[in-house]
1. Just report the Cα centroid separation between region B:95-118 and region A:199-241, whole Å.
2. Can you list the HN-Hα couplings for region A:315-330, worked out from phi with the Karplus curve (6.51, -1.76, 1.60; θ = phi - 60°), rounded to whole Hz and with x for Gly and Pro?
3. What is the average number of partner chain Cβ atoms found within 10 Å of a Cβ in A:14-24?
4. Once amide H atoms are placed 1.01 Å from N in the peptide plane, what residues at a sequence separation of 5 or more from A:LEU301, or on another chain, have their amide H within under 5 Å of its amide H?
5. Tell me which of B:PHE129, B:THR96, B:GLY107 sits at the most positive position along the dipole axis of region B:86-132, charges placed on C-beta atoms (Lys, Arg +1; Asp, Glu -1).
6. For a quick check: with amide H placed at 1.01 Å from N, whose amide H comes under 5 Å from A:VAL335's, ignoring anything fewer than 5 positions away on the same chain?
7. From zero up to wherever the largest Cα-Cα distance of region B:59-147 sits, split into 10 Å bins and tell me the percent of pairs in each.
8. Using per-residue counts of other Cβ atoms within 10 Å, averaged over each peptide, order A:229-242, A:12-25 from highest down.
Amino acid sequence: MSSYLPEEVVVNILSHLPPKSLLRFRCVSKTWLALIGTPDFVSKNLINNSILNTKSQHPYPPFLLVKAREESNSPPPFLGLGGIVSSSNGILCLHDHFQGDVYLWNPSSSLQLLALSRRIYCPRTKDFDYVLGLEFGFDYIADDFKVVRFLDTLNTSFMADTDFVDVELEVYSLGPGLGKQFDTILDLNMLNIFVPYERAKVYDNGFFYWWVGPNEDYDERIVSFDCRNEVFRMTPLPDKSVIGDCNEVWRSLMVLNGFVAMAVHPFRRKKKVSFSIWVLLEFGVKESWTKLFRIGHYFDLEWPLCFCKNGELLMENREGELVLYDPFTQTTKNVQLNGLTKSFLNTQSSGVQAQ
Amino acid sequence: MSNTSENPKPSSSSAKMTLKTSDNELFEVEEAVAMKFCTVKQYFEDEKDSDVAARGSTTVIPLPNVHSAVLATLISYGKKLPQSNAVADNHEEEETKKKERKKYEQGLLKNLMPGELLDLISAANYLDFKEGLEFFNQALADHIQNKSVEYVRKFFGIKNDYEPHEEEKYREEYAWAFEGVDED
């Protein structure tokens, strides 16, 4: 029997392959090169669809927009102090800076917070612990919420002439019921990891990712923490000759269908800026950084927030409004919101608007 | 390899059809299963419209492009699919059936040679058997996912029309995509 297969069948077979395989198979023949296409989010070809679709084990959670106002009994008082950590799967994570406690709040149950929140007990292990950062997210495989807390245990961030920060990382799971479980305390000394700025970290399904700036020993890199297996991994970024210097150009992290994605955009905000969107097709492999597309400066956009299912990028413009950018048509559309907008946090397909 | 289906269970819709393969074997198949092969369905509906159906005897539908071994597998797979005329199961029954199907599918794939996959896909495409095509396409994709370019060319019978220097350049530029590939 002949092994000849009609083209539409070949296309169907190829449509099940991940991006790495497709990129390799572009080399099979020029016909396959044309069939597979270029990873550029210009047309819905095989490779672009593969980046958008094949990896995701779970559907994109619906977008949740929470408008919170400080009123008598509803959200906890520290909400207005910017104590929002993140949100995931419809739950907001809030942090009380003073007591150090973390609250999970389900805003769709609009009654008093304390009755509905789960309090995760995060004790201070030493007197001088300083919370450098908190991460939060829902793990679909473990079917549980995770909180990761970075502690500066020597409080070295207040010490002047040092770049070295002694950081401890703690992972908490909500667990079944009103759990308060301390999963692990890892000493990050050896890794010399900084906790970066707000936009340079992201969570996806049991993995935390954050950008770490360059130091004596390492170039700038993305660090991933697998909180199920408690494993750290790192990937260097593309060279600064390609993406610019981190002292002049932001790296904003997002997730695209389980791949780490990064928007590169310059600091200067007096004029409109353009964005380059990159995706890391294989974690740990620097060469697998692939530039997907560029958003021109004429759109007057400021911050990238997160990707939606069909490759559209949710962003914040310079007026503080939400905008959806479609790279396939290179057009934007405004997402209508009532009321004032102050700030948006980049979370796993949820937006939080603080008033 | 059997060349007829098992004795049918008595049911209200046990209308049968006979399919004849390229090697002249006859397969008696329940209508519900045969209708999943849209090519057969089309043939049957054309027949119904004509006066031939009035004769009342079972028509033999020729499938000159399909070998008996291949058809047997496709029929077997078709039988395991949820039947459109079946009574709705409760959740438990549905879960059990799902598990059974998964087990069957794994067993089926384990015993298949890659070359047979190509034949199955070809036949499923000819028969316009959508679920079968989707299933075997996925299986083939899983099989080639980690294979080398040379393997894929050989497997699909594709001629390399790149110049050596063009191919060399591509392999250098995307070296990371060529790593961790199965040995041929």
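1. Centre-to-centre distance over Cα atoms comes out at 39 Å.
2. 9, 10, 8, 6, 8, x, 9, 8, 9, 9, 9, 9, x, 6, 10, 6
3. 6
4. Amide H neighbours of A:LEU301, under 5 Å, 5+ apart: A:VAL273.
5. B:GLY107
6. A:LEU322, A:VAL323, A:LEU324
7. All Cα pairs, binned at 10 Å, distribute as 14, 45, 29, 11, 0 percent.
8. A:12-25, A:229-242
All of the numbers you see were taken from the coordinates with simple rules; none came from a lab. Because the structure is predicted, anything quoted here is derived from the model rather than measured. Using ideal geometry, Cβ is built from the backbone for each residue, glycine included, and neighbour counts are taken over all protein chains shown.
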